[in-house]
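Shown next, in C-alpha cells, is the structure this report addresses.
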Amino acid sequence: MLQFITCGESHGKYLSAILEGVPSGLKVDLEFVQQELVRRQQGYGRGGRQKIEKDRVELTGGVYRGMTTGAPIGFLLQNKDVTINTLPQLDRPRPGHADLAGALKYRQGIREVLERASARETTMRVAIGAVCKLLLCEFGVHVIGHVIQIGKARLEEEVSFEDIEKRREGSPVNCVSREIEKQMVEEINQAMKNRDTVGGKFEIRVHGVPIGLGSHVHYKRKLTGRIAQGLMSMQSIKAVEFGLGVLEAQTPGSKAHDEIFYDPKKGYYHKTNRAGGFTGGMTNGADILVRATMKPISTLRRELQSVNMKTKEKEKADFERSDICAVPAGSVIGEAVVAFEVADAFLEKFGGDSTVELKRNYDGYLKQLKEM
C-alpha cells in the first residue's frame with residue numbers, strides 16, 4: 001500500500017523523496033517532521049557534518065493546507081555542504097564500505113559510489129517515517145526506540161514503552177540508564193583515542209498494535225520479514241532479532257513461547273512477550289519488540305589495509321570525514337523504518353483512500369475481534 005523512493009547524493013545539492021499511498025485527510029505536523037530530523041543529527045560520537053547541516057525538509061506535493069490529499073507526498077532538503085564536484089576522487093577503497101564492490105559493479109569511481117551509499121540518504125527515510133508515525137498515532141499506535149548497547153557497554157534490563165518514553169530524554173546516546181549511558185560515552189571516548197570506531201545495538205518498540213497485521217499465507221506478507229528487510233537495508237546494520245531473538249537457541253520450548261489467556265474485557269492476551277509481538281509473521285497484540293545490531297563505521301582514522309585500484313599496489317585505505325559512533329542516530333532511523341513497515345501493513349489490512357474510511361474499517365475490525 002505504501003511505497004517510497006529517495007534521490008540524491010551525500011554532498012549533492014538536494015536530497016529528495018516521494019512517499020506514495022498515504023490516505024487523504026491526515027494532518028501533517030511539519031514541525032514534528034523537522035524535530036525527527038533534528039533527533040537524527042544528534043548523538044554523542046557524531047562527526048563534523050552534523051555541525052554544518054541544519055536539516056529542514058520542504059513538502060513539495062501531496063499536502064494542502066496541512067492535510068494530505070491522497071496524492072504522492074514530495075520531500076525536498078537542500079544540503080549546505082555541496083561539494084560533490086570539488087571533492088577528490090578516491091583510489092583506495094575502505095574495507096567494510098560499498099567502495100570496492102560498487103566501483104566494480106557500476107564500472108565507475110569510488111566517489112560516485114560513496115556519495116549514494118552514504119548514510120546521509122537516511123535523512124529522507126526519517127522524514128518519511130515521521131509522516132508514517134503521524135498516521136499510526138491517529139490509531140493509538142506509537143513507535144519508540146532506544147540504544148541498548150555501544151561497544152561492551154550494554155543495558156541488560158527489559159524496559160517498557162512508558163519507561164523508554166520517560167527515561168531516554170536528554171541522553172546523549174539515547175539510553176534509558178544514566179549509569180549505562182556513562183559507560184557508553186566512555187566506549188566512544190576510547191574509540192576516539194584509538195582513532196577507531198564503535199558499533200552497538202538499538203531496540204525499537206511499537207505500542208498499541210492490533211492483532212493481525214501481516215499474514216501467514218505468503219512469505220512476502222509476513223510483517224517480521226518486511227521489518228527485518230527494512231532494518232537490514234539501513235547502512236551498517238548486520239543483524240535483526242525479535243523478542244528473545246538469538247537467545248531462543250538456548251531456551252527450552254517451555255520457556256520460549258508466550259502462553260495464551262483470555263479476559264472478557266481484554267480479549268485474548270499474553271502475559272509475556274518472548275516472541276516480540278509476532279506469531280506466524282502476524283502481530284499478536286503485544287508490543288512489537290525488535291533489535292538491530294550496527295557494525296562500527298567503516299571509515300576510521302586508523303586506516304586499514306587496502307589496494308590502490310589504479311596501481312594495484314598495497315596501500316592504506318582512504319579516509320573521509322566520518323562519525324566515531326552512529327548508534328544513537330541509528331535508533332532514530334530504525335524508528336522511522338519500522339514506522340513505515342507497520343504503517344504499510346496497517347493500510348494493507350484496513351485499506352481506505354481517506355483517514356475517515358480507514359478509521360471506519362479499523363473500528364469495524366476491533367468490533368469483530370471482540371465477537372470471536
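Read-outs throughout are calculated quantities, based only on the coordinates presented, and are distinct from any laboratory measurement. Owing to the predicted nature of the structure, the values given are computational and were not obtained by experimental measurement. Every residue, glycine as well, gets a Cβ built from its backbone with ideal geometry; the counts of neighbours run over all protein chains shown.
Details
- Loop-located GluC sites (Glu not before Pro) in the range 198-303, at most 16 other Cβ atoms within 10 Å (DSSP): GLU259, GLU303
- Highest-first arrangement of 5-13, 62-70, 79-87, where packing means the average Cβ count within 10 Å: 5-13, 62-70, 79-87
- The tail of the calculated P(r) for the range 3-370 beyond 38 Å holds 21 percent of all Cα-Cα pairs.
- Evaluated with a Cβ-only charge set (Lys, Arg +1; Asp, Glu -1), the chain carries a dipole of roughly 760 debye about its Cα centre, given to the nearest 20.
- Phi to ³J(HN,Hα) by Karplus 6.51 cos²θ - 1.76 cosθ + 1.60 over the range 149-162, Hz, x for Gly, Pro: 7, 9, x, 8, 7, 9, 8, 8, 6, 8, 10, 6, 4, 4
- Simple spin-label estimate for GLU138 and ARG65 gives 1.7 nm between the two label positions (7 Å along the Cα-to-Cβ direction from each Cα).
- Across the cross-link table entries LYS13/LYS222; LYS201/LYS222; LYS295/LYS359; LYS13/LYS359; LYS238/LYS265, which are compared at the Cα atoms, the separations over 30 Å belong to LYS13/LYS222; LYS295/LYS359; LYS13/LYS359; LYS238/LYS265.
- Using the rule -39500 (n - 2.57) for each DSSP H run of four or more residues, divided by the residues of the chain, the 222 nm mean residue ellipticity is -10500 deg cm²/dmol.
- Under the simplified labelling scheme, the PHE161-PHE261 pair shows an inter-label distance of 1.8 nm, with each label point 7 Å from Cα along Cα→Cβ.
- The range 269-322 and the range 93-143: distance between their alpha carbon centers, rounded to Å: 13
- Length-normalised contact order for the chain - Cα pairs under 8 Å, 6+ apart - percent: 23
- Overall size of the range 1-101 from C-alpha positions, given as principal axis extents largest first: 50, 29, 24 Å.
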